[in-house]
Amino acid sequence: MTRSKEINRINWVPVLLLLSLYIPVYFFVGPVRLTVYRVILLIAFVPLLLRLISGSVKVYLFDVVIIASFFWSVLSISIIHGFLESIEANAIYFIEGVGAYLCTRTLISNRQEFLVFVKVLFFMALMMVPFALYESMTGQPIIMDVLRKAFSVPPSIVQDKRLGLERSQVVFEHSILFGVFCSSIFGMTYYVLNRQSNIFARGVRLFIVSLASFLSISGGAVLAIFIQCIWIGWDRVTMLARIPNRWWLLTFGFVAAYVGVDVLSNRSPFHVFVSYLTFSPGSAYNRILIWQYGTETVSAFPFFGIGMGRWLGPEWMGDSIDNFWLLLTMRYGMPGGIGFIIGIIILMTKLGGGAISDLELSDYRKGYMVSLGGLIVAGCTVHYWNATYILFMMILGSGVWILNEKTSSVPEKLPELEERRSRAFLRRKAALATMSEQGLAAEDSLAAKVKRRRSSSREKSIQRSRENRTGALSRTQNQ
């Protein structure tokens with residue numbers, strides 16, 4: 001197949017939706033606030049929904065659970081605020097969340113389309129690095145400042161410096177959203193883009209993603225990169241060591257660490273982890289209070305939540321909730337928030353179960369799950385809204401196609417790539433041992449030769465000495 005035909009086969013709607021996330025311009029149609037990505041989703045929503053329910057793609061249990069959680073959320077808001085008063089908020093929430101999920105869920109159906117999706121994400125992170133560097137030095141979001149002269153864009157946020165640098169927001173409402181946006185591509189860059197690259201190209205790509213994430217100077221972005229590095233390192237080490245049930249072992253390690261901290265510390269594990277994973281004590285304390293008052297709010301309003309109302313936190317804390325999962329559960333009740341979480345768990349469990357004999361597909365699955373896992377963990381320290389929320393839902397739906405291409409599901413068998421790498425590692429180890437043995441044998445042989453030569457030389461010397469004494473004795477007798 002020629003390159004032009006391959007390009008024509010790619011569905012460009014996910015690409016256009018991704019690129020639109022970098023356009024911060026908004027406008028109003030009546031009371032409705034619209035952005036470029038909202039317009040795309042409004043146009044595409046019905047066709048995307050028809051693709052799902054018409055049988056064009058296979059529907060799984062997690063699809064039903066995730067979409068059902070959105071229906072419950074709409075029901076909750078309608079009950080609390082009234083149906084007519086909540087039409088606009090419900091429509092935006094449902095179309096943004098379900099529409100972004102269906103965009104990649106129904107239109108990314110093979111590895112080629114997934115690769116294009118990942119390449120576009122990396123390109124977007126790469127293009128933002130110069131602007132983020134400039135902003136970190138000057139504090140001026142140059143793209144927003146230029147667009148503000150002719151369009152409506154979000155305001156520039158005045159933030160305290162961290163590590164002597166300004167925090168870059170580039171085209172987002174807040175720097176933490178920019179950081180999380182860029183960090184989301186780290187796992188997919190490592191496993192998907194770097195498959196056929198040399199070590200230099202791999203390092204450059206990962207450095208670019210890490211730099212873009214760091215320039216936000218956000219604990220959420222750093223946490224996302226950090227947790228992805230842990231998973232990648234664990235994968236490589238345990239693959240070579242051929243450790244069975246390695247992911248269950250890692251899960252047990254996390255649980256053991258949590259229990260250990262709970263037993264040994266006079267603070268809760270949540271308080272300990274938050275204090276070490278934030279840039280400032282103030283941020284850590286604020287997140288601890290958010291968790292404390294947020295869980296009290298969930299306990300007080302467990303079924304339908306609080307909707308868009310005021311939570312139980314003190315007035316001086318404001319309405320900012322730096323925890324995506326907690327806010328969903330507070331706002332829409334446990335069926336809406338926890339139901340959404342259960343749908344994601346079902347998806348990841350089904351996708352992660354069993355080995356894959358296809359080497360490329362195995363790496364694609366790892367890249368998807370590592371990146372999604374990083375976003376899930378980072379969501380505990382930041383709320384996703386607007387463009388970053390759309391990105392999360394798109395990434396969530398982008399890897400479901402892998403389920404249709406899995407060719408084997410043997411639980412305890414390593415994929416062929418891991419087997420081959422393990423065998424190569426054992427061959428190198430055996431070769432080194434053989435070389436060491438050969439070296440010792442050569443040393444022994446050399447020592448034996450030297451010993452034989454010395455022995456032969458000694459025998460010859462003794463023989464000559466005997467001959468000399470015999471000759472001297474004969475001459476004395478003759479005289």
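The values are calculated or read from the model by the stated rules, or taken from the named source; none is laboratory data. Remember, it's a predicted structure, so these values are computed and weren't measured experimentally. With ideal geometry, Cβ positions are generated from the backbone for all residues, glycine too; neighbour counts draw on all protein chains shown. With ligands, DNA and RNA removed, areas are computed over all heavy atoms of the protein, side chains included. Shrake-Rupley method; radii C 1.70, N 1.55, O 1.52, S 1.80 Å.
The alpha-carbon atoms of the range 356-398, seen along their principal axes, cover 38, 17, 9 angstrom, with the largest extent given first.
Each Lys and Arg Cβ is given +1 and each Asp and Glu Cβ -1; about its Cα centre, the range 72-137 then shows a dipole of about 380 debye. Size estimate for the range 320-361 follows the Kirkwood approach: the inverse of mean 1/r over distinct Cα pairs works out to 12.2 Å. A simple rule links phi to the HN-Hα coupling: the Karplus curve 6.51 cos²θ - 1.76 cosθ + 1.60 with θ = phi - 60°, which for the range 99-112 gives x, 5, 5, 5, 4, 8, 4, 9, 9, 9, 10, 7, 5, 5 Hz, with x for Gly and Pro. All distinct Cα pairs of the range 212-366 go into the 1/r average, and the inverse of that average, the Kirkwood radius, is 18.4 Å.
Geometric descriptor of the range 3-95, per residue, is 139 Å³ (volume of the convex hull of the Cα atoms). Within the full protein context, the accessible area of Val64 is estimated at about 80 Å² for a probe radius of 1.4 Å. Once you order the gyration tensor axes a ≥ b ≥ c over the Cα atoms, which shape class does the range 128-235 get: rounded for a/c under 1.5, otherwise prolate or oblate by comparing a/b with b/c? In terms of gyration-tensor shape, prolate. Coupling constants for the range 371-379 follow from the phi torsions by the Karplus curve (6.51 cos²θ - 1.76 cosθ + 1.60, θ = phi - 60°), and in residue order they are 5, 5, x, x, 5, 4, 5, 4, x Hz; glycine and proline get x. Using the average count of surrounding beta-carbon atoms within 10 Å as a protection proxy, the listed peptides 182-195, 290-303 rank, highest first, as 182-195, 290-303. Each residue of the range 114-124 was assigned a 3J(HN,Hα) from its phi angle through the Karplus expression (A = 6.51, B = -1.76, C = 1.60, θ = phi - 60°), giving 5, 4, 4, 4, 5, 4, 5, 4, 5, 4, 5 Hz with x at Gly and Pro.
Determine the relative contact order of the range 101-236: mean sequence separation of Cα pairs under 8 Å and six or more apart, normalised by residue count, in whole percent.
On the way: 158 pairs, mean separation 35.9, N = 136.
Once normalised by length, the contact order is 26 percent.
Report, to the nearest whole %, how much of the accessible area of the range 205-248 belongs to carbon and sulfur atoms, 1.4 Å probe, protein only. Walk me through the intermediate numbers first.
Details: 1520 of 1890 Å².
That fraction is 80 percent.
Restricting the calculation to Cα atoms, the range 90-162 yields a radius of gyration followed by a Dmax of 17.2, 44 Å. Under a no-solvent Debye model with one identical scatterer per Cα of the range 185-244, what's log10 I(q)/I(0) at q = 0.14 Å⁻¹? Calculated log10 I(q)/I(0) at the listed q: -0.44. Nonpolar atom fraction for the range 351-405, defined as the carbon and sulfur part of the 1.4 Å probe accessible area, stands at 61 percent.
Would you mind counting up the charge near Leu289? Only other residues with Cβ under 13 Å from its Cβ, with Lys and Arg at +1 and Asp and Glu at -1.
Values: positive: Arg287; negative: Glu296, Glu315, Asp322.
Here the charged neighbours net out to -2.
Normalising the average separation of contacting C-alpha pairs (under 8 angstrom, six or more residues apart) by the number of residues puts the relative contact order of the range 59-164 at 12 percent. Probing with 1.4 Å while keeping every protein chain in the model, the per residue accessible area of the range 141-245 equals 43 Å².
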